[in-house]
Every structure is written in C-alpha cells, then in structure tokens.
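None of the figures in this text is laboratory data; all of them are computed from the coordinates on show. Bear in mind that the values here come from a model prediction, so they are computed numbers and not experimental data. Every residue, glycine as well, gets a Cβ built from its backbone with ideal geometry; the counts of neighbours run over all protein chains shown.
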Amino acid sequence: MLYKVVGCLPESSLPELVPPSNPELTRWFTEEVQPHESALRAWLQGRFPTLFDVDDLVQESHLRLVRAHETGSIACVRAFLFVTARNLALNHLRHRRYEHSENAAEIDPAVIVDDRAAIPETVERAEDLQLLIRAIRSLPERCRQVVTLRKIYGLSQKEVAAKLDISEHTVEAQGAIGLRKCTEYLRGYGYCRGPRR
C-alpha cells in the first residue's frame, strides 16, 4: 500500500507513483497525508460499516490525492482525502447493490430505505463541501493559510501565528477577512440560508 510503502520501505522499493528521484513528493506525502490516515480509516469504518476492505479505499484515496497533487496544489489535503474516500465508498456500495439486485433475498429492505433516505443529505453535503473548498481556494494566499489552519486543522490563533511566523493580531485580522470573503463567495451561489435543522 502506498502509505506503508512511502513511510517504511527504502526509496528503491517505492512504486512508480512516487519515484526515488522525487524526494519532495515523498516528504509531502509523509508530512501532509499520512497524519490523516487513522482518522480517515476510523471515519470510513464508522460511516460505512458494511464495507469489507477499508484499506483498499484508503489506498485508492491516497493514490488519487498524489495524482492530484502532481497536477497542482491542493488547498486542503484533509478535505480532498475525505471527500475522495467518501465518493469511492459510495461508488463501491452502489456497485455492490447493483451486483446483488438479481438476488433480492440477500438485501435487507430496512437498509435500502435508510440508504435512500441519506442520499439527498449526502449529495447536499458533498456539494456544500466542494463549494466551501472553492471558496477557500479563492482567498488571497495569507487568508487561505490562516483559514485552513484555524478552521480546517483546528489550530489555535497562537499556533497559527507561530507556524506562519506572523503576529496573533495578523492571524485574527486575516481570519476575519478570510471568513468574510468565504461568506460572500457562498452568498454568490445562493448560500445565505440559516443553519440546518
């Protein structure tokens, strides 16, 4: 698996996806992607308990993330990884449901009703998340960094200031600007509704 290969094997054993001549990609993967692996696996197991092999989904999510990283920067690795894994899981479940449709006796009707009831909510969340990612990507660089570290990674104002080597006042100001610009961006797409009930 890519996440095990990158972290544990010598460079000569790395797959074509992470060639030995690209230590920067290996470093990026180790520092930016691997820290989310256990949370991703736990989330997949909790959200999709009927999936048999979560490891395959995690590996495929990592592969797609690395490919996307090679074509351009990714504003939020964690969000990209979780959205990709969720989409792969949903595709897997749809495929499995299609394969078993000929033998309806194997399908629990209660599960079908629950799954169908969750589809609109799942689609809405996916669309909301994609729009939020685009809103964050549209921010000026410093705002994007502050908003990502504060709101996505949950770092404190002090931690963000230390990480970016700026004052806490700048973190507060840039965070406020970033949130205001994100709100304006979302309103431009009709997202001015109140909280969900």
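Every Cα-Cα pair of segment 40-87 was included, and the share exceeding 11 Å stands at 65 percent.
For the peptides 42-52, 148-158, the ranking by mean Cβ contacts within 10 Å, running from highest to lowest, is 148-158, 42-52.
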